[in-house]
Amino acid sequence: DAGVIQSPRHEVTEMGQEVTLRCKPISGHDYLFWYRQTMMRGLELLIYFNNNVPIDDSGMPEDRFSAKMPNASFSTLKIQPSEPRDSAVYFCASSGQVKNIQYFGAGTRLSVL
Amino acid sequence: LAKTTQPISMDSYEGQEVNITCSHNNIATNDYITWYQQFPSQGPRFIIQGYKTKVTNEVASLFIPADRKSSTLSLPRVSLSDTAVYYCLVGEWNYGQNFVFGPGTRLSVLP
């Protein structure tokens, strides 16, 4: 398996623009997680899904952030409108039934100017 | 959620054994201890997980005393490529105890 695949690897956009980050989890994994990493706040869990259903979105910072998982092989994290403080590395991870063992993608480095 | 405390940084030399200790005084009965490794510009990678006593795999060993209030990750004979941030995590997702990534320990392996 190719592992968790995220795209794009880098995204540079201007404040106010819509940003969509994409993730393909490992085939057969039931859980998908979105994290954000910054120097100031470290690695934070934003939301996670089980069998395509959002389970816990308490980490989503505000209504500008939304995540969907239309099927077992694809998820998106959308920021609309984007702000400079959203600049961070966004990671997607997936796991099987043992959620403590998560497999992370390479991340998307987002820069909002 | 169990709070963890680990050193912010450590230095070592190639070929040495490195031990990183993590304190988790309020660990719950159902909590597991999980360690991840993160290289620069990469996502975290699972290293090892344990509940009590000792666990060993091809990458590392994890030592957990009987009271489970601390744990030690042991990396045998480190190389330059082991330079990374190591995170100690305590929790059990299946019991609603999602673990939280702290600042981790930044290990620098010197030649």
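The values are calculated or read from the model by the stated rules, or taken from the named source; none is laboratory data. Just so it is clear, the model here is predicted, and its values are computed rather than measured. Reconstructed Cβ throughout: ideal geometry from the backbone, glycine too, with neighbour counts over all protein chains shown. Remember, those area values only see protein heavy atoms, side chains included, never the ligands or the DNA or RNA. Shrake-Rupley method; radii C 1.70, N 1.55, O 1.52, S 1.80 Å.
More than 13 Å from chain B (Cβ to nearest Cβ) and of a type in the set (A, V, I, L, M, F, W, C), is that true of A:VAL4? So A:VAL4 fails the test.
Being touching a strand residue (DSSP E or B) at 6+ places or on another chain (Cβ under 6 Å), open to solvent by less than 20 Å² (accessible area, probe 1.4 Å), over 30 Å from A:HIS10 (Cβ atoms) and not small (Gly, Ala, Ser) is true for just one of B:ILE27, B:ILE20, B:ILE47. Which residue is that?
Values: B:ILE27 fails: open to solvent by less than 20 Å² (accessible area, probe 1.4 Å); B:ILE47 fails: over 30 Å from A:HIS10 (Cβ atoms).
From the options B:ILE27, B:ILE20, B:ILE47, the qualifying one is B:ILE20.
Could you list, in sequence order, the residues of the stretch A:70-113 that are of a type in the set (Asp, Glu) and surrounded by 15 or more Cβ atoms within 10 Å (Cβ to Cβ)? Spell out how you get there, then give the answer.
Step one: filter the stretch A:70-113 for residues of a type in the set (Asp, Glu), giving A:83, A:86.
Matches in the stretch A:70-113: A:ASP86 only.
Tell me, yes or no, whether the stretch B:99-107 has at least one residue that is modelled with pLDDT under 95, within 10 Å of another protein chain (Cβ to nearest Cβ), open to solvent by less than 70 Å² (accessible area, probe 1.4 Å) and within 24 Å of A:ILE5 (Cα to Cα). Within the stretch B:99-107, one or more residues are modelled with pLDDT under 95, within 10 Å of another protein chain (Cβ to nearest Cβ), open to solvent by less than 70 Å² (accessible area, probe 1.4 Å) and within 24 Å of A:ILE5 (Cα to Cα).
Rundown of residues vs (1) within 12 Å of chain A (Cβ to nearest Cβ); (2) modelled with pLDDT under 95; (3) in contact with a Gly (Cβ under 7 Å, 6 or more places away or on another chain), yes/no style:
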site: B:LYS3; (1), (2), (3): no, yes, no
site: B:SER9; (1), (2), (3): no, no, no
site: B:ILE20; (1), (2), (3): no, no, no
site: B:HIS24; (1), (2), (3): no, yes, no
site: B:PHE39; (1), (2), (3): yes, no, no
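Can you find a residue that is farther than 29 Å from A:TYR31 by Cα, more than 9 Å from chain A (Cβ to nearest Cβ) and over 15 Å from the mean Cα position of the chain (by Cα) anywhere in the stretch B:89-96? No, the stretch B:89-96 contains no residue that is farther than 29 Å from A:TYR31 by Cα, more than 9 Å from chain A (Cβ to nearest Cβ) and over 15 Å from the mean Cα position of the chain (by Cα).
Of the residues making up the stretch A:56-69, just one is surrounded by 15 or more Cβ atoms within 10 Å (Cβ to Cβ) and more than 16 Å from A:LEU21 (Cβ to Cβ), namely A:ASP56.
Take the conditions crowded, with 16+ Cβ neighbours inside 10 Å, of a type outside the set (S, T, N, Q) and under 30 Å from B:ASN30 (Cβ atoms) and apply them to A:VAL19. Does it pass?
Details: crowded, with 16+ Cβ neighbours inside 10 Å: yes; of a type outside the set (S, T, N, Q): yes; under 30 Å from B:ASN30 (Cβ atoms): no.
Answer is no for this residue.
For the stretch A:85-99, the criterion of a residue being without any contact (Cβ under 8 Å) to a residue 40 or more places away in the chain, out of contact with any helix residue (DSSP H, G or I) (no Cβ under 6 Å at 6 or more places or on another chain) and within 14 Å of another protein chain (Cβ to nearest Cβ) is satisfied by at least one position.
Looking at B:TYR86, B:TYR36, B:TYR13, which one is touching a residue at least 40 places away in the same chain (Cβ under 8 Å), aromatic (Phe, Trp, Tyr) and open to solvent by 90 Å² or more (accessible area, probe 1.4 Å)?
Only one candidate passes the filter, namely B:TYR13.
Given the residues B:SER61, B:SER70, which is the only one that is touching a residue at least 24 places away in the same chain (Cβ under 8 Å), away from chain A (no Cβ under 14 Å) and either among the hydroxyl-bearing types (Ser, Thr, Tyr) or open to solvent by 60 Å² or more (accessible area, probe 1.4 Å) (or both)? Lay out the reasoning, then the answer.
On the way: B:SER61 fails: touching a residue at least 24 places away in the same chain (Cβ under 8 Å).
Exactly one residue qualifies, and that residue is B:SER70.
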